[in-house]
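To start, the structure under review is shown below, and the notes come after it.
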Amino acid sequence: QVQLVESGGGLVQAGGSLRLSCAASGRTFSRYAMGWFRQGPGTAREFVASISYSSGTTSYADFVKGRFTISRDNAKSTVHLQMNSLKPEDTAVYYCAARNDRWVSVQENEYTFWGQGTQVTVSS
């Protein structure tokens, strides 16, 4: 079992930055690929970014490429999402997820464990 707790969300103006963090419990964090997803108002949850177990491979949704960066620290069992140049359309609840596999995936249904989410609101 892996428990995930997100933090770092908040209200920011367009063009600003936020850094989301996800703390994972359990001793096997380094075996899991990790991902970030988001769900905006009235929309389905969508893939944002994913990182492999050793940070060697990352994947990003097209709408965040060049603005967001996913990273992880296996020693601290944490994964981060650095979000720069934020836009009002980035407003959403952001979820951290763990995949019981070492490699990245963009598919929501391939992630087994989920956090409770953290709200990000970008004002125009």
Next on the checklist: I'd like the distance separating the alpha-carbon centroids of region 50-124 and region 1-36, in whole Å.
Outcome noted: 7
Next on the checklist: If you split all Cα-Cα distances of region 26-98 into 5 Å bins from zero, what percentages do you get per bin, shortest first?
Outcome noted: 3, 16, 28, 23, 15, 9, 4, 0
Item to check | the chain: relative contact order in percent, alpha carbon pairs under 8 Å with at least 6 residues between | outcome: 37
Checklist entry - Given R₀ = 30 Å, FRET efficiency for Ser123-Asp101 by Cβ-Cβ distance, to 0.05? => result 0.20
Checklist entry - Ignoring ligands and nucleic acids, what accessible area does Glu110 show with a 1.4 Å probe (Å², nearest 10)? => result 70
Checklist entry - What percentages, rounded to whole numbers, describe P(r) for the chain computed over all alpha carbon pairs with 5 Å bin width beginning at zero? => result 2, 13, 24, 26, 19, 10, 5, 1, 0
Next on the checklist: If you average 1/r across every pair of different Cα atoms in region 25-64 and take the reciprocal, what Kirkwood value do you get, in Å?
Outcome noted: 11.5
Checklist entry - Mean projection of the alpha-carbon convex hull of region 1-41 over all orientations, in nm²? => result 4.0
Item to check | Test item: Cα-centred dipole of the chain, Lys/Arg +1 and Asp/Glu -1 on Cβ, debye | outcome: 320
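The values are calculated or read from the model by the stated rules, or taken from the named source; none is laboratory data. What you see is a predicted model, and the numbers here were worked out from it, not measured in a lab. Neighbour counts run over all protein chains shown; Cβ positions are idealised from the backbone, glycine included. Calculation scope for accessible area: heavy atoms of the full protein, side chains included, ligands and nucleic acids excluded. Shrake-Rupley method; radii C 1.70, N 1.55, O 1.52, S 1.80 Å.
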